[in-house]
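Visitor: Mind looking over this structure? Questions follow.
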Amino acid sequence: MGPPKNICGAPPGPDISIDKVAILEVASKRTNGSYAALLASIAMHELGHGIGIDHNGDNDIDIAFLITSADCPPESFSVDEMGMAVIFNPPPPPGAHACVIWSVARRHGQHSGDEFSPMKYTSAAFYESPTDPLKRSGDGSYKVSISSPVESLETYTGTVYKYRADLDREGLGPFPDNNRGSGINALPGEQNHAGDSCRIAATQIHITDFGPDPVQQIPCPADSPRLERADICKD
Ligand SMILES: [Zn+2]
């Protein structure tokens, strides 16, 4: 049984704990759904981890540079306009733009699969194009201030779009027994957000550690006949 993941900053421990204040903050930014539905889907997600289910994928991007010959994607930041001094390795081609992208849902990543699966992530900032997905191209190094250490982010080429969080659904359905994408993950062409999941939730369910039996056994009378399990279970 996999340990419950840390939930919105709640301290890890043997129990599944959920930081209600953090969830309320997340819920307040949602334009669809409700606090109750979000809380329920997060609880289902963590219970899913508790019975061995992993995420639908692992390759989403937290934050990175996008190198593109087009303009920076809407709602991303342009490195030039931010006045960031970044040393790119390799240097971008002449005329290319460098942009900061974050919370990117990738093909078959954490946001992929069945729209109602409790294991599917919701609400990213961007998603990658199904036909021009992100490709790692190098690194960009920068300093936040003169005295701060050099930081580095991966660079990618490809196309990203604004993630349609307004089309996301809270994951309150069953743990899927297939990897088919639905909802925003089944839209045609470039609208398809993350496609099929790379894992099937239901087949990962694995419960082994019930722990010690909390029920006190009542000692059988010494002269009671022993009944073998085979006598009860004929099949
Ligand atoms: Zn998780």
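Visitor: Test of understanding: extend the Cα→C-beta vector of D62 to 7 Å, then name every residue of segment 75-110 with backbone N under 13 Å from that spot.
Guide: So the set is 102-104.
Visitor: Next question. I'd like to compare 99-109, 143-153: which one has the highest average count of other Cβ atoms within 10 Å, and what's the full order after that?
Guide: On the way: 99-109: 21.8, 143-153: 9.8.
Sorting 99-109, 143-153 by mean packing, highest first, produces 99-109, 143-153.
Visitor: Could you work out how much longer the chain between D80 and D166 gets when fully extended? Use 0.36 nm per residue separation minus the Cα distance between them, nm to one decimal. Numbers along the way, then the final one.
Guide: Details: separation 86, 0.36 × 86 = 30.96 nm, distance 3.01 nm.
The span from D80 to D166 would gain 27.9 nm if fully extended.
Visitor: Which FRET efficiency value, to the nearest 0.05, do you get for R180 and S69 by plugging their Cβ-Cβ distance into 1/(1 + (r/R0)^6) with R0 = 41 Å?
Guide: Details: r = 34 Å, r/R0 = 0.84.
Computed FRET efficiency for R180 and S69: 0.75.
Visitor: Work the Kirkwood hydrodynamic radius out for segment 62-126: mean of 1/r over every pair of different alpha-carbon atoms, inverted, in Å.
Guide: On the way: mean 1/r = 0.0741 Å⁻¹.
Value: 13.5 Å, from the Cα pair sum.
Visitor: In nm, to one decimal, how far is the E151 label point from the E25 one, both placed 7 Å along Cα→Cβ?
Guide: Distance between the two pseudo-spin positions: 1.7 nm.
Read-outs: derived from the displayed coordinates by stated rules, not from any lab. None of these values were measured; they are calculated from a predicted model. Every residue, glycine as well, gets a Cβ built from its backbone with ideal geometry; the counts of neighbours run over all protein chains shown.
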